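Structure first, then comments.
The values are calculated or read from the model by the stated rules, or taken from the named source; none is laboratory data. Just so we're clear, the structure is a prediction, and the values are computed from it rather than from any experiment. Here Cβ is always computed from backbone atoms with ideal geometry, including for glycine, and neighbour counts include all displayed protein chains.
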Amino acid sequence: MPLKDRCHPERSEGSAVVPHHIRFDQLCEKISATLTGAGITPKALLATLPETRQRVFERRYGVKDSAVPSSGPKLEERRRK
């Protein structure tokens, strides 16, 4: 499933569209196009979440969270494959 289709998995065809949904859809399209243009797949992006969570946790709380795994190749390494 393309990244842009993951933006509104809860929406159905009967959903009301309001201005902030339109803006959100536009942002999803822009992000999806940018990541696709950079050669980043949804799978590669999702694989970076543990490392990203760890960095955010450390920045926010100033301590390392041992419960958040920080392993695996970096995004740049995945992109080259």
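Per-structure values
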quantity: Subset tally (residues that are surrounded by 13 or more Cβ atoms within 10 Å (Cβ to Cβ), out of contact with any helix residue (DSSP H, G or I) (no Cβ under 6 Å at 6 or more places or on another chain) and not polar (S, T, N, Q)) for segment 42-54; calculated: 5
quantity: Among (1) modelled with pLDDT of 65 or more; (2) part of a helix (DSSP H, G or I) - the single one Lys4 does not satisfy; calculated: (1)
quantity: Candidates Val68, Val56, Val63, filtered to the one that is modelled with pLDDT of 80 or more and in a loop (DSSP other than H, G, I, E, B); calculated: Val63
quantity: Conditions (1) at pLDDT below 85; (2) assigned to a loop (DSSP other than H, G, I, E, B): number failed by Gly39; calculated: (1)
